[in-house]
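Here the structure comes first, spelled out in structure tokens, and everything after it is commentary.
What follows is calculated from the coordinates using simple rules that are stated; it is not laboratory data. Computed from a predicted model, the values in this text were never measured in an experiment. So basically every Cβ, Gly included, is an ideal-geometry build from the backbone, and we count neighbours across all protein chains shown.
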Amino acid sequence: MSLLFPLRIALFYFLLAFTACAWCLVSLVCAPFMGFRTRYRFVVQNWCRCAVWLARTLIGLRYEVHGTENIPERPCVILAKHQSTWETFFLSAYFEPLTQVLKRELLRVPFFGWAIMLLKPIAIDRDNPKAALRQVAKQGHERLEQGAWVLIFPEGTRVPVGQPGKFSRSGAALAVNAGLPVLPIAHNAGMFWPKAGWGKRPGTIQVVIGPAMYGDSESPRAIAELNQRAEDWINAQVSQLETLGRPSN
């Protein structure tokens, strides 16, 4: 790895922050006059594509996507592994329009949070889990009816490579109650973009989109079973991706 690589990482973060502030300012002026789908493409999709491009150009973080044939025509609930920030950028650019379940505190971030508020996020209070579950169920159902994908990281937070997290049932419950499937997505982004620290490694991130999974009924048992199926599939895929290869140096 080049001795200049740390400088490339620093430049990446500088450009990421600069473009975020600049784009959010532009969005705050222009986006209120747009429809939701156009607003999403303008505010989120374009900037997230820029973030993924910066990661590829400056850090050497490429990606390959497998299983695109599994994506249903109608938007549904996406359950994705959460290891880094990269998958947030990638999934927000890849699926549109997309609503994400996120912590309420993010809306208070200057510029970034203000722009995110224009995009109908499901901003929950993690300190009140019961209220958060009700909010995800109500607002998630509304977003699905409006034709938006709902992205949920069922582990709730970024989990380091090799450490499976406990999956919340909120995404499975939302999908079952809406009569829609969950779409499981696994990846190994954490091998190249670790949860802790600023360090990055060049390489090719593998993203695997699994088959859409339906619940057998609307019963609590069926919701739990669907959630377990998605969790088992994601964990198995992630384990395989982590075993097949390590990041290049």
Output row, site residue 105, 7 Å Cα→C-beta label point, backbone N cut-off 19 Å, window the stretch 168-205, residues 195-198
With 10 angstrom as the radius, rank 64, 231 by how many other C-beta atoms surround their C-beta, starting from the fewest.
64, 231
Could you give the dipole magnitude of the stretch 35-152 about its Cα centre, charging the beta-carbon of Lys and Arg +1 and that of Asp and Glu -1, in debye to the nearest 20?
280
Tell me which lysines have Cα within less than 28 Å of residue 130's Cα, excluding those fewer than 8 residues away on the same chain?
81, 103, 120, 138, 166, 195
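Go through the stretch 54-156 and name the trypsin sites (Lys or Arg not before Pro) that are in a DSSP coil and have 12 or fewer other Cβ atoms within 10 Å of their Cβ. Write out the running numbers ahead of the final one.
Numbers: sites: 56, 62, 81, 103, 104, 108, 126, 130, 134, 138, 143; in loops: 81, 126.
Filter output for the stretch 54-156: 126.
Where the only charges are on Cβ atoms (+1 Lys, Arg; -1 Asp, Glu), what is the dipole of the chain about its Cα centre, to the nearest 20 debye?
Details: 27 positive and 17 negative charges, 142 e Å.
So the magnitude is around 680 debye.
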Going toward the positive end of the dipole of the stretch 5-244, with +1 on Lys and Arg Cβ and -1 on Asp and Glu Cβ, which of 84, 5, 51 do you reach last?
5
Span-like helix ranges in the chain, DSSP H, alpha carbon extent 20 angstrom or more, Kyte mean at least 0.0
5-30
With a Förster radius of 22 Å, plug the Cβ-Cβ distance of residue 19 and residue 242 into 1/(1 + (r/R0)^6) and report the FRET value to the nearest 0.05.
0.10
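Rounded to whole Å and ordered largest first, report the semi-axes of the equivalent ellipsoid of the stretch 28-132 derived from its Cα gyration tensor (root of 5λ). Don't skip to the end; give the middle numbers.
Details: eigenvalues 101, 68, 53 Å².
With the √(5λ) rule applied to the stretch 28-132, the semi-axes are 22, 18, 16 Å.
At a 10 Å Cβ-Cβ cut-off, how would you order 116, 152, 9, fewest neighbours first?
On the way: 116 20, 152 25, 9 15.
The order, fewest Cβ neighbours first, is 9, 116, 152.
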Most fluctuating residue of 26, 52, 43 in a GNM of the chain with Cα springs under 10 Å: which is it?
26
Just add up the charged neighbours of residue 149: K/R +1, D/E -1, any other residue whose Cβ is under 10 Å from the Cβ of residue 149.
+1
GNM flexibility winner over the chain from 136, 207, 29 (Cα, springs under 10 Å)
29
Say the dipole of the stretch 5-244 comes from +1 at the beta carbon of Lys and Arg and -1 at that of Asp and Glu; which of 29, 207, 131 then lies farthest toward its positive end?
29
Run the simple label-point estimate for residue 9 and residue 53 please: 7 Å along Cα→C-beta, distance reported in nm.
2.5
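Determine the calculated [θ] at 222 nm for the chain from helices alone, applying -39500 (n - 2.57) to every DSSP H run no shorter than 4 residues and normalising by the residue count; nearest 500 deg cm²/dmol. Write out the running numbers ahead of the final one.
Values: 8 runs with 105 residues, N = 249.
Computed mean residue ellipticity for the chain: -13500 deg cm²/dmol.
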Using the Cα gyration tensor of the stretch 5-244, with a ≥ b ≥ c the square roots of its eigenvalues, what is the shape: rounded (a/c below 1.5), prolate (a/b larger than b/c) or oblate (neither)?
oblate
Can you classify the stretch 75-208 as rounded, prolate or oblate using the Cα gyration tensor, where a ≥ b ≥ c are the square roots of its eigenvalues, rounded means a/c under 1.5, and otherwise it's prolate if a/b beats b/c and oblate if not?
prolate
Calculate, for residue 73 and residue 235, the FRET efficiency according to 1/(1 + (r/R0)^6) with r their C-beta to C-beta distance and R0 35 Å; round to the nearest 0.05.
0.80
Here the gain from full extension of residue 161 to residue 125, 0.36 nm per residue of separation minus their alpha-carbon distance, amounts to 10.3 nm
Which residue, chosen from 198, 122, 102, occupies the Cα position most advanced towards the positive end of the dipole of the chain, where the dipole is computed from +1 (Lys, Arg) and -1 (Asp, Glu) charges on Cβ about the Cα centre?
198
